[in-house]
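Down below is the structure, laid out as structure tokens.
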Amino acid sequence: MSEAPLLSVSRRTRSTPFTRRVTEAGVKAYTVYNHMLLPTVFESVEADYHHLKKHVQVWDVSCERQVEVSGPDAAMLIQWVTPRNMAKMQDDQCYYIPMIDEKGGMINDPIAIKISDNRFWVSLADSDMLYWLKGLAIGKGLNVDVFEPDVSPLGVQGPKSDDLMAEIVGDDIRSLGFFRHRNYEINGKSYLIARSGWSKQGGFEIYVDGTDNGEPIWDLLFEKGEKYDVRAGCPNGIERIEGGLLSHGNDMNNLNTPLECGLGKYCHRAGMEICIGGDVLLAEKKNGSKKMIRGITIDGDRVPSCTSPWLLTSKDGKLVGQVTSATWSPDYNANLAIGMVDNDHWDHGTELTVRTQNGSRGATVGPLPFDPIS
Ligand code: THG
């Protein structure tokens, strides 16, 4: 096999407040996300996975860029772009929100962070929502300011993340609820910290305000984390598939509705009646979805990585869907995949054939998230 190509780094592939530390920690590969560097491998994807599930890692997820929406019409703008009902959101809450266009297609799946009635951060997945939100605000003449603040999320993920964070900000953080946020002091400055993150191992995200504050916070986490075997890590390709966390641009895009993505629990009537594209979702709810995201298990030994979609066919040779992410899972001792399957073949237990770049294999449709390891 030929060696993987290198990534040419420049000003366009934006560095982060932590890039120097990430380099020193031995990052082996990057991807680009929101035009910014996102580490993908430190030791190896599999070694990183085992460590993440046992200890605690510090993740440079600065690329989850914030769009700040502030001003008297902030809440109106946010509700306009998501089918999730934002009416009852509290000042200390984070909401996972599908963002859809006028055709009901997923254009992003960020976390919205409510700071006050007039101020939100939208913590983005990989697409240029700053311009969408700015354009809508200008076009509708809303009284809001929409901009990218100098705020970079730093993840602390893994089963020992409560212990490490308590060393830094005190035991109060242990009582912080899932998808809730509070402000805590680090190095004499106050930061918003939420219990959230793109893993199922538990953890926090520190919204590091001010590029210059990045390295001192990174260093403090490693100093206090020594006894917890802290390491630099990153969103892990195996762990996130096991956990059923969707990746926008991989598992779904603007050709998929949130209902097809299994995000129906974040689509509420009150939101769909107001938001852009909500009429499309209301019609889909009435008429039924044509396809749906599923967990798919693939027969045989370790699958290669799925760099472009693998077609799914039925036993009689009909094209019925595609797999968009796949991995060998050491803990499940199986190949796990995420894909979209047409409604006539989406029942759990349906047996299909999947065409990988290295040949065809048997595949079975199942739930997402996957059933827990038995
Ligand atoms: N943290 C922050 N910003 C982000 C991400 C993050 N922006 C991009 C990307 N991740 C957005 N995508 C997701 C996908 C899933 C979740 C969070 C962000 C997630 N989901 C929970 C789950 O599926 O179990 C449930 C969320 C809920 O019920 O509200 O955590 O990671 N800052």
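The values are calculated or read from the model by the stated rules, or taken from the named source; none is laboratory data. This is a predicted model, so every value here is computed, not measured. Positions of Cβ are generated from backbone atoms using ideal geometry, with glycine treated the same way; all protein chains shown enter the neighbour counts. Areas reflect the complete protein model, heavy atoms only, side chains present, ligands, DNA and RNA absent. Shrake-Rupley method; radii C 1.70, N 1.55, O 1.52, S 1.80 Å.
Things worth noting here:
- Among the residues making up region 223-237, those that are touching a strand residue (DSSP E or B) at 6+ places or on another chain (Cβ under 7 Å) and away from the ligand (no atom under 16 Å from the Cβ) are V230, R231, A232.
- The C-beta contact set for region 44-60 (first residue closer than 23 Å to T16 by Cα, second residue open to solvent by 30 Å² or more (accessible area, probe 1.4 Å) and part of a strand (DSSP E or B), distance under 6 angstrom, 6+ apart or interchain) comprises Q57/R231.
- Residues satisfying the stated conditions in region 315-352, i.e. of a type in the set (S, T, Y) and open to solvent by 40 Å² or more (accessible area, probe 1.4 Å): Y332
- Scanning region 267-291 for residues being more than 16 Å from the ligand (Cβ to nearest atom) and in a loop (DSSP other than H, G, I, E, B) gives a total of 8.
- Any chance E239 is buried (at least 23 other Cβ atoms within 10 Å of the Cβ), of a type in the set (D, E, K, R) and either under 28 Å from I168 (Cβ atoms) or over 14 Å from the mean Cα position of the chain (by Cα) (or both): yes
- Subset of region 115-129 that is open to solvent by 20 Å² or more (accessible area, probe 1.4 Å) and over 11 Å from V69 (Cβ atoms) - its residue that is farthest from the ligand (Cβ to nearest atom): D117
- Qualifying residues in region 357-374 (those that are within 19 Å of M252 (Cα to Cα) and in a strand (DSSP E or B)) - the one farthest from the ligand (Cβ to nearest atom): V365
- Candidates G158, G141, filtered to the one that is modelled with pLDDT of 95 or more and open to solvent by 20 Å² or more (accessible area, probe 1.4 Å): G141
- Residue that is open to solvent by less than 10 Å² (accessible area, probe 1.4 Å) and either over 22 Å from the mean Cα position of the chain (by Cα) or at pLDDT 95 or above (or both), where the choices are G278, G262: G278
- Residues of region 327-356 classified as within 16 Å of the ligand (Cβ to nearest atom) and either farther than 14 Å from L312 by Cβ or touching a Phe, Trp or Tyr at 6+ places or on another chain (Cβ under 7 Å) (or both), total: 1
- Residues that are under 19 Å from F178 (Cβ atoms) and within 9 Å of the ligand (Cβ to nearest atom), drawn from region 98-114: D109, P110, I111, I113
- Index of the failed condition, S70 passing every other in (1) within 19 Å of G135 (Cα to Cα); (2) touching a Lys or Arg at 6+ places or on another chain (Cβ under 6 Å); (3) within 16 Å of the ligand (Cβ to nearest atom): (3)
- Count - residues of region 132-191 that are within 22 Å of G203 (Cβ to Cβ) and free of Cβ contacts under 8 Å to residues at least 60 places away in the same chain: 23
- The single condition from (1) surrounded by 21 or more Cβ atoms within 10 Å (Cβ to Cβ); (2) more than 20 Å from Q57 (Cβ to Cβ) that K189 fails is (1).
- G264 vs. criteria farther than 30 Å from E24 by Cα and within 14 Å of the ligand (Cβ to nearest atom): yes
- Among the residues of region 224-241, those identified as part of a loop (DSSP other than H, G, I, E, B) and in contact with a helix residue (DSSP H, G or I) (Cβ under 8 Å, 6 or more places away or on another chain) are D229, V230, C234, N236.
- Boolean, D172 is more than 21 Å from G225 (Cβ to Cβ) and among the acidic types (D, E): no
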